[in-house]
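Below is one structure, written out as structure tokens, with a few remarks after it.
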Amino acid sequence: MMKLFEAISIICLLVVVTEAANNGVARTPPLGWMSWERFRCNTDCVTYPDSCISEKLIMQMADHMAADGYKDVGYEYICIDDCWPLKTRGADGRLVPDPARFPSGMKALADYVHSKGLKIGIYTDFGHSTCGGYPGSEFYLETDANTFAEWEMDMLKLDVCFSSSADFKYGFPAMEFYLNRTGRQFVFSCEWDWGMGDGANYTHMAEFCNLWRVAHDMEDYWDNVQLVIDVYANNSRNFSDFTGPGAWADADSVIVGLYGLSADQERAHFGMWSMFASPLLLGADLRSIKNESKALLQNKNILAINQDPLGRQATLKMKLAQNKIYVFLKGLTGGRTAIALFNSDYHGQPVRATFMLNQLGLTNGNGYSFTDGFTGMARGKYMPATEINIDVNPTGIDIFIATPV
Ligand code: GLA
């Protein structure tokens with residue numbers, strides 16, 4: 001429970017708080033890398049010197065982000081997730097990066113990441129400890145905001161383990177206030193929604209957070225991806241209405257390049273996260289990722305859908321072929337529309353999607369020219385009432401950009 005005086009001071013702060021959506025950052029969904037998906041809470045640098053959470057790992061990821069083409073296509077943030085500090089705070093109440101794993105300290109690490117032209121993110125928890133059992137920020141929100149600013153961090157992920165959801169509506173705005181008061185610009189990533197169910201207040205989240213998670217944690221297998229796609233297809237209480245520049249629904253990390261997905265599934269996963277205007281925080285080990293996965297993650301046509309300045313989140317328009325094919329639409333600049341045909345079926349044959357553009361609300365009298373969302377190649381011209389037939393691979397996707405003629 002929050003102490004009474006802290007609750008009262010937080011309520012007072014709410015009247016002067018700056019809105020996250022207007023804090024000037026994340027005008028398009030943040031692109032970057034995050035340690036959790038692949039490296040979890042591995043703190044054993046003796047047994048696993050190359051894959052423990054350490055400054056060496058973060059520096060290597062920054063190196064690869066900068067040198068291997070990711071930075072050139074827009075990836076920017078290198079984010080440290082859980083398990084970076086010591087298990088107890090210092091005598092001054094501050095979080096202490098584990099000196100065995102972060103011997104140079106966080107400021108030096110931030111300097112290194114910045115020297116590569118990249119930005120750096122860090123993690124803490126609103127409760128008394130993080131999900132991994134490290135000290136949380138309960139009663140230390142202000143101290144921790146100041147510490148992260150002194151270290152020159154650029155993004156903060158605030159998790160919700162070991163906290164009470166009743167406190168979120170005070171705590172997240174309070175942290176946003178303390179971050180803003182440092183004078184440093186932070187992308188503020190909240191796990192606020194997760195676990196709130198119908199209690200989720202999207203107006204508040206869009207006001208105080210730049211990103212907020214809307215589904216469970218990503219794990220490295222297909223069914224998990226499908227579950228997240230279903231969260232967006234259901235669009236509970238129209239959460240898509242609250243997203244846009246500065247305020248994004250976060251589908252969680254991208255697992256392209258890990259172990260669990262086929263090539264078609266990687267395309268479907270990355271294509272849908274892009275359609276959803278989700279942040280794209282890569283989870284793979286950038287040192288050893290296979291070339292096909294890397295090429296997908298650097299696909300400029302798909303990234304342009306994700307980064308479209310309108311910031312629209314795709315919504316489900318209809319399901320076809322006995323509900324196997326989901327048709328999602330995302331409005332893009334220039335009156336264009338991205339159409340995703342996602343095949344949720346996993347039987348070993350493609351499924352045919354048959355539809356007309358006027359069923360999707362695309363009624364331009366001169367028709368639409370199509371380009372392929374992945375390759376950018378021309379894919380013909382269609383009138384609103386022309387029947388279109390597309391065969392989509394199992395657990396695969398096709399994306400088209402329809403431009404009015
Ligand atoms: C929770 C979050 C994950 C990750 C872990 C770290 O499960 O949802 O994204 O941050 O905690 O412990």
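Every condition in (1) crowded, with 17+ Cβ neighbours inside 10 Å; (2) in contact with a strand residue (DSSP E or B) (Cβ under 6 Å, 6 or more places away or on another chain) holds for Phe162 except the one numbered (1). Could you list, in sequence order, all residues of the range 217-232 that are of a type in the set (A, V, I, L, M, F, W, C) and either within 13 Å of the ligand (Cβ to nearest atom) or surrounded by fewer than 22 Cβ atoms within 10 Å (Cβ to Cβ) (or both)? If the condition is that a residue be of a type in the set (A, V, I, L, M, F, W, C) and either within 13 Å of the ligand (Cβ to nearest atom) or surrounded by fewer than 22 Cβ atoms within 10 Å (Cβ to Cβ) (or both), then Met218, Trp222, Leu227, Val228, Val231 are the ones that fit.
Based on this model, can you work out whether Ser262 counts as more than 16 Å from the ligand (Cβ to nearest atom), over 25 Å from Asp82 (Cβ atoms) and at pLDDT below 95? Judged against the criteria, Ser262 is not a match. Taken over the range 139-190, residues that are away from the ligand (no atom under 16 Å from the Cβ) and at positive phi amount to 3. Of all residues in the range 171-192, those satisfying the criterion of being of a type outside the set (Asp, Glu) and either within 15 Å of the chain's Cα centre (by Cα) or in a loop (DSSP other than H, G, I, E, B) (or both) are Thr182, Gly183, Arg184, Gln185, Phe186, Val187, Phe188, Ser189, Cys190, Trp192.
Would you confirm, using the coordinates I've provided, whether Tyr202 is at pLDDT 95 or above and more than 21 Å from Ile305 (Cα to Cα)? Criteria not met by Tyr202.
In the range 368-384, which residues are assigned to a loop (DSSP other than H, G, I, E, B) and free of Cβ contacts under 8 Å to residues at least 40 places away in the same chain? Within the range 368-384, Met377, Met383, Pro384 meet the criteria. If only residues of the range 192-216 that are touching a residue at least 60 places away in the same chain (Cβ under 8 Å) and of a type outside the set (Phe, Trp, Tyr) are counted, the one that is farthest from the ligand (Cβ to nearest atom) is Glu207.
The values are calculated or read from the model by the stated rules, or taken from the named source; none is laboratory data. Since we're looking at a predicted model, the values are computed, not measured. Quick reminder, even Gly has a Cβ in these numbers, built from the backbone with ideal geometry, and neighbours come from all protein chains shown.
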